[in-house]
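**Q** Encoded as C-alpha cells, here's the structure I'll be asking about.
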Number of protein chains: 2
Amino acid sequence: MPRRVRIDLAYDGTEFDGWQVQPRGRTVQGELERALSTLHGGVGVRVRGAGRTDAGVHARGQVADALVGDRFSDRDLHRALLALLPDDLRVQRVLGVDERFHARHAAIAKTYAYYLDRSRCGDPFVARYVLHTPHSFDEGAVDAALALLPGRRDFSGFAGAACEVTDRVRSLTEARREVVRPGIERLVFTADGFLNHMVRNFVGTLLDVARGRQAPDRVRTILESGDRTLGGATAPARGLTLERVAY
Amino acid sequence: MPRRVRIDLAYDGTEFDGWQVQPRGRTVQGELERALSTLHGGVGVRVRGAGRTDAGVHARGQVADALVGDRFSDRDLHRALLALLPDDLRVQRVLGVDERFHARHAAIAKTYAYYLDRSRCGDPFVARYVLHTPHSFDEGAVDAALALLPGRRDFSGFAGAACEVTDRVRSLTEARREVVRPGIERLVFTADGFLNHMVRNFVGTLLDVARGRQAPDRVRTILESGDRTLGGATAPARGLTLERVAY
C-alpha cells in the first residue's frame, strides 16, 4: 500500500524556474518528482507543495507531500533523496503522515522573509539571496509603514497582475523588520495565505518609503483603494525566501 | 602623475577561473583590470594581487594594488568600481598608498579558512562556499593533527604538483578548527606564505584523519618525509576562502 510522506525542503532558487513543473525549465517540483520516480523504478510520483514559489525565490522551510511505496522507511527515503538531489535542493526531513495530509490545504500559516543587504559595498557571499540597497534608508518610516499592514483585510492593492483568485482577504499576523547581522536585514511577513507577488509588492512600496519617495501612510491608501498602481515596483525575486509553513 | 592605490576585495570564486588573467576565461584580475581600464578611457591598467587564488576559491580579504590616474579620489574610484563590477566581485575599500607598495611582496601573513558543512542534509544557501561532509568526524583526532602543523618548516609534503618554488620553508603560525554556527565549521590557517594547494592538501589529510582512515600522527610523517603521496586527496576548491592579508 502506498503511504503519504511530508517532505521538508530548503533550496537556493537562483537556478530554478520556480516551484511548479513546466514543459521546459528546471523546477523544484520537477527535480523532486524525478528523484522520487527514479526511486520507484520509473513510475511517476506526484508531489504537492505548500507554496508555489516563483522563479528565483528561495526556501528554507518549504513543505511538500507525496504518496510513496511502502518498501521505503522515512529514513531510507531521506537518505536516497539526499543522494539523488542536487546541492541547491536539500531535503531536511521526511516524515510519514496521515494519508489525508495535503501540504497546501493543511497549512495554517506561512512566513516569508525578504532580505536586504544595506552595506555600501555588498557582500558577494549572500548576493544571490538579498537585494543590495546601499541607499538612504529611513528606518522609522519603514517601521511605521510595516505597522499599517497586519490585520484581516483585502490585499488587492498588493496583488500581482497574474493573481487569479477572487477572494483576496488574508490575515496578515506579522510584518516587521529585523537585523540579521551588521549590514543584513530582513522584512518578515506571516499570513494564513499570500496572493501572487504580495510580499514582493509590499517590499517595493516599503523601499519607496525607505528612500523618502512615499510617506508611510501610502500603505494605508493602497490597502483602502485596492489600487496596485499606487504602490512601488515589484521587488526582485532574489531577496525572497519562504521561511516556514505552519500546520 | 599616476598614483598607487590598494584595493581590498571580496569575491565568490565559483564563477571565476581563478585570480590570474588568462587568454580565455573569466578571472578576478581580468574583471578588475577591465573595469579600471574602462575608467581610464581604455588605457590598460595592471593589477597585482596578494594571493593568486585558484579557480573556485573565494576571498573575503584579498588585497590588490594598481597605478591609477590622479584625477580620481579614493572615494570616486571606489564608487566607480562598485558600479562597474559584478555582484560576485565587490570592492570593500580603496586606499591611496606609497608608490612602492606591492600587494604580494609587502604581505607579511595570509589567513585562509576551509569551510565544512557537517550537517546531515547540507545547507543550500552556503553550498557554494563549503565542503559538505556529513560523515563521521573525530574532532579530537583532527585537533591533534592540526596541533602538529604550526612551526617554521619545509612543507613539501603538502605542496601541489604544480608548485614551482624550490624554497618550501614557510612559517605557519595558526592551524585550528572553529565552529562558525551549528553545523558549519572552518579550519583556519595563517602563514607568511602558502605553497600551491597547501591548504587544500592539509584539509584532504585532515578529512582522512576525521574519518579514521589515518592517525593524527600521519601529519608528522608527511612533514618529515616531504612525501606528498602519503597525504589525502586535495580537498575541493569550493570550501576555501582567502580571509585576510596582513601588512
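**Q** Identify, by number, the condition in (1) at pLDDT below 95; (2) within 14 Å of chain A (Cβ to nearest Cβ) that residue B:52 doesn't meet.
**A** Failing condition for residue B:52: (2).
**Q** For the stretch B:105-144, enumerate the residues that are of a type in the set (A, V, I, L, M), touching a strand residue (DSSP E or B) at 6+ places or on another chain (Cβ under 9 Å) and under 12 Å from residue B:177 (Cα atoms). Walk me through it before giving the result.
**A** Step one: filter the stretch B:105-144 for residues of a type in the set (A, V, I, L, M), giving B:106-109, B:113, B:116, B:126-127, B:130-131, B:141-142, B:144.
If we keep only those that are touching a strand residue (DSSP E or B) at 6+ places or on another chain (Cβ under 9 Å) too, we end up with B:106-109, B:113, B:116, B:126-127, B:130-131, B:142.
Of everything in the stretch B:105-144, those that are of a type in the set (A, V, I, L, M), touching a strand residue (DSSP E or B) at 6+ places or on another chain (Cβ under 9 Å) and under 12 Å from residue B:177 (Cα atoms) turn out to be B:113, B:116, B:142.
**Q** A further question on this structure: Which residues, counting only those in the stretch A:145-169, are open to solvent by less than 50 Å² (accessible area, probe 1.4 Å), touching a helix residue (DSSP H, G or I) at 6+ places or on another chain (Cβ under 7 Å) and part of a loop (DSSP other than H, G, I, E, B)?
**A** Listed by number, the residues that qualify are A:148, A:149, A:155, A:159, A:160.
**Q** Within the stretch A:70-93, take every residue that is in contact with a strand residue (DSSP E or B) (Cβ under 8 Å, 6 or more places away or on another chain) and either more than 14 Å from chain B (Cβ to nearest Cβ) or open to solvent by 50 Å² or more (accessible area, probe 1.4 Å) (or both) and give me the one that is modelled with the lowest pLDDT.
**A** So the first thing to find is which residues in the stretch A:70-93 are in contact with a strand residue (DSSP E or B) (Cβ under 8 Å, 6 or more places away or on another chain), and the list is A:70, A:74-75, A:77-78, A:81-82, A:85, A:87-93.
Narrowing further to those that are either more than 14 Å from chain B (Cβ to nearest Cβ) or open to solvent by 50 Å² or more (accessible area, probe 1.4 Å) (or both): A:70, A:75, A:87, A:92-93.
Values: A:70: 89, A:75: 95, A:87: 95, A:92: 97, A:93: 97.
Result: A:70.
**Q** Test residue A:104 against the stated conditions and say whether it is surrounded by fewer than 19 Cβ atoms within 10 Å (Cβ to Cβ), within 10 Å of chain B (Cβ to nearest Cβ) and either touching an Asp or Glu at 6+ places or on another chain (Cβ under 7 Å) or not acidic (Asp, Glu) (or both). If you could, list the steps in order and put the result at the bottom.
**A** Working: surrounded by fewer than 19 Cβ atoms within 10 Å (Cβ to Cβ): yes; within 10 Å of chain B (Cβ to nearest Cβ): no; either touching an Asp or Glu at 6+ places or on another chain (Cβ under 7 Å) or not acidic (Asp, Glu) (or both): yes.
No.
**Q** A follow-up question, please. Name every residue in the stretch B:15-51 that is surrounded by fewer than 17 Cβ atoms within 10 Å (Cβ to Cβ) and more than 26 Å from residue B:1 (Cβ to Cβ), in order of residue number.
**A** Hits for the stretch B:15-51 are B:15, B:20, B:22, B:23, B:24, B:25, B:26.
**Q** Restricting to strands (runs of 3 or more DSSP E) lying wholly in the stretch B:27-144: which have 1 or more residues that are among the aromatic types (Phe, Trp, Tyr)?
**A** Those strands (runs of 3 or more DSSP E) span B:109-117.
**Q** Is one or more of the residues making up the stretch A:26-41 within 14 Å of chain B (Cβ to nearest Cβ), under 22 Å from the mean Cα position of the chain (by Cα) and hydroxyl-bearing (Ser, Thr, Tyr)?
**A** no
**Q** Got a number for residues in the stretch B:218-245 being in contact with an Asp or Glu (Cβ under 9 Å, 6 or more places away or on another chain), open to solvent by 10 Å² or more (accessible area, probe 1.4 Å) and over 30 Å from residue B:106 (Cα atoms)?
**A** 4
**Q** Related question: Please work out if residue B:8 is open to solvent by 10 Å² or more (accessible area, probe 1.4 Å), within 18 Å of residue B:129 (Cα to Cα) and either part of a loop (DSSP other than H, G, I, E, B) or touching a residue at least 60 places away in the same chain (Cβ under 8 Å) (or both). Reasoning before the result, please.
**A** Working: open to solvent by 10 Å² or more (accessible area, probe 1.4 Å): yes; within 18 Å of residue B:129 (Cα to Cα): no; either part of a loop (DSSP other than H, G, I, E, B) or touching a residue at least 60 places away in the same chain (Cβ under 8 Å) (or both): yes.
No: the conditions fail for residue B:8.
**Q** Related question: Determine if the stretch B:206-217 includes at least one residue that is basic (Lys, Arg) and either part of a helix (DSSP H, G or I) or open to solvent by less than 50 Å² (accessible area, probe 1.4 Å) (or both). Quick ask: steps written out before the conclusion?
**A** Looking only at the stretch B:206-217, we keep the residues that are basic (Lys, Arg), and these are B:211, B:213.
After this cut, where a residue has to be either part of a helix (DSSP H, G or I) or open to solvent by less than 50 Å² (accessible area, probe 1.4 Å) (or both) as well, the list is none.
Looking through the stretch B:206-217, none of the residues is basic (Lys, Arg) and either part of a helix (DSSP H, G or I) or open to solvent by less than 50 Å² (accessible area, probe 1.4 Å) (or both).
**Q** Say whether the condition of being on the phi < 0 side of the Ramachandran plot and within 14 Å of chain B (Cβ to nearest Cβ) is met by at least one residue in the stretch A:151-165. It would help to see each step written out before you state the result.
**A** The first filter runs over the stretch A:151-165 and keeps only residues on the phi < 0 side of the Ramachandran plot, leaving A:152-165.
From what is left, the residues that are within 14 Å of chain B (Cβ to nearest Cβ) are none.
Looking through the stretch A:151-165, none of the residues is on the phi < 0 side of the Ramachandran plot and within 14 Å of chain B (Cβ to nearest Cβ).
**Q** For the stretch B:107-142, how many residues meet the condition of being under 29 Å from residue B:66 (Cβ atoms) and within 14 Å of another protein chain (Cβ to nearest Cβ)?
**A** Matching residues across the stretch B:107-142 total 3.
**Q** Could we say that residue B:18 is in a loop (DSSP other than H, G, I, E, B), within 26 Å of residue A:128 (Cα to Cα) and within 14 Å of another protein chain (Cβ to nearest Cβ) here?
**A** No: the conditions fail for residue B:18.
The values are calculated or read from the model by the stated rules, or taken from the named source; none is laboratory data. All values derive from a computational prediction rather than experimental measurement. For neighbour counting, all protein chains shown are included, and Cβ atoms are generated from backbone atoms with ideal geometry for every residue, glycine included. Please note that ligands, DNA and RNA were not included when accessible areas were found on the heavy atoms of the full protein model with its side chains. Shrake-Rupley method; radii C 1.70, N 1.55, O 1.52, S 1.80 Å.
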